[in-house]
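Peer 1: Dumping the structure here so I can ask a few things about it.
The values are calculated or read from the model by the stated rules, or taken from the named source; none is laboratory data. Predicted, not measured: the structure shown is a model, and the values here were computed from it. Ideal geometry is used to build each Cβ from the backbone, glycine not excepted, and the neighbour counts take in all protein chains shown. Protein only, heavy atoms only, side chains kept; ligands, DNA and RNA dropped before computing areas. Shrake-Rupley method; radii C 1.70, N 1.55, O 1.52, S 1.80 Å.
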Amino acid sequence: MYHNNIKQYRKEKNMNLEQMAKRVGISTGYLCHLERETRKNPSTKIMGKIAEILEKSVVEIFFEE
C-alpha cells in the first residue's frame, strides 16, 4: 500500500508547500496532491529530490508508515 510522510517531514523542516515545491522543481499543486496521496507514483527522480531536500531516505518518506 502506498503511503508517504512528505508533509510530516516538510513541516519538521519548517517549509511551506511553495518553498518545498520550488526546491523540488514541481508545482505547488502537484506537491499538494502527493502529500494528500491523491496523486501516486511520482518518478524516482522526484522521490530522490524530495528525499534529498528533507534529508531522509526515499524508503523513510514513501514506504514506511
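Peer 1: Quick one: which of ILE50, ILE46 is at pLDDT 95 or above, surrounded by 11 or more Cβ atoms within 10 Å (Cβ to Cβ), assigned to a helix (DSSP H, G or I) and touching a Pro at 6+ places or on another chain (Cβ under 8 Å)? Spell out the reasoning first.
Peer 2: Numbers: ILE46 fails: touching a Pro at 6+ places or on another chain (Cβ under 8 Å).
Criteria check complete, one pass: ILE50.
Peer 1: Would you call ASN4 at positive phi and either open to solvent by 30 Å² or more (accessible area, probe 1.4 Å) or part of a loop (DSSP other than H, G, I, E, B) (or both)? Show your work before the answer.
Peer 2: Numbers: at positive phi: no; either open to solvent by 30 Å² or more (accessible area, probe 1.4 Å) or part of a loop (DSSP other than H, G, I, E, B) (or both): yes.
Here the answer is no, as ASN4 does not meet what is asked.
Peer 1: Name the residues in segment 20-29 that are surrounded by 14 or more Cβ atoms within 10 Å (Cβ to Cβ) and either part of a loop (DSSP other than H, G, I, E, B) or under 10 Å from the mean Cα position of the chain (by Cα) (or both), would you?
Peer 2: Scanning segment 20-29 gives MET20, ALA21, VAL24, ILE26.
Peer 1: Return yes when ILE61 is modelled with pLDDT of 95 or more and not basic (Lys, Arg) and no when it is not. If you could, list the steps in order and put the result at the bottom.
Peer 2: Details: modelled with pLDDT of 95 or more: no; not basic (Lys, Arg): yes.
Here the answer is no, as ILE61 does not meet what is asked.
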